[in-house]
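Peer 1: Encoded as structure tokens, here's the structure I'll be asking about.
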């Protein structure tokens, strides 16, 4: 079968549409994983000087603290079947494993800065002592710089 020179050749758009559909699904899945790590039941406190999250931060560890002072881990971060860390010792053990992983990723050099940014998202009703105990547990595990998330006073939500 030969093609006559007077007929216009129509491009095959099926491969391009297939690729576009795959990209859309990929970004939907990625967005779902990112949102999974931030617990929406946590109502953050308001602060006048709240700063947005650094857009250059690559590997972020979110610790979502509910109003009872328990750390709620996402399904991605859960240890075994348990996704709730109910005391500072459990938090310290969990964060020590994460710290060891960060050190391994840095080539075993503890003088290099860690690749992870630790962010504590505590509910506004959480007693300060419980948040402080979690922060101390993280520091004992090796994370010296912890950030606390808040909503900027005036209703602007945090940058996630």
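Peer 1: Going by C-beta contacts inside 10 Å, put 13, 114 in order with the fewest on the left.
Peer 2: Numbers: 13 9, 114 20.
Going from least to most buried by this count: 13, 114.
Peer 1: Then there is this: Taking the Cβ-Cβ separation of residue 51 and residue 82 as r and a Förster radius of 35 Å, what is the calculated FRET efficiency to the nearest 0.05?
Peer 2: 0.60
Peer 1: I would also like to ask the following. Below 8 Å, C-alpha to C-alpha, sequence gap of six or more: please give me the relative contact order for segment 46-152 in percent.
Peer 2: On the way: 148 pairs, mean separation 42.2, N = 107.
Value for segment 46-152: 39 percent.
Peer 1: Shifting gears a bit: If you split all Cα-Cα distances of segment 46-152 into 5 Å bins from zero, what percentages do you get per bin, shortest first?
Peer 2: Calculated over all Cα pairs of segment 46-152, the distribution is 2, 12, 22, 24, 21, 13, 5, 1, 0 percent.
Peer 1: Next question. Neighbour counts of other C-beta atoms within 10 Å: give me 138, 146 arranged from fewest to most. Intermediate values should be presented prior to the final figure.
Peer 2: Working: 138 26, 146 18.
So the residues, fewest neighbours to most, are 146, 138.
Peer 1: Also, I was wondering about something else. What is the order of 132, 99, fewest Cβ neighbours within 10 Å to most?
Peer 2: On the way: 132 12, 99 21.
The order, fewest Cβ neighbours first, is 132, 99.
Throughout, read-outs are computed from the coordinates displayed, never taken from laboratory work. This is a predicted model, so every value here is computed, not measured. Because the Cβ atoms are built from the backbone with ideal geometry, glycine has one as well, and the counts that use them run over all protein chains shown.
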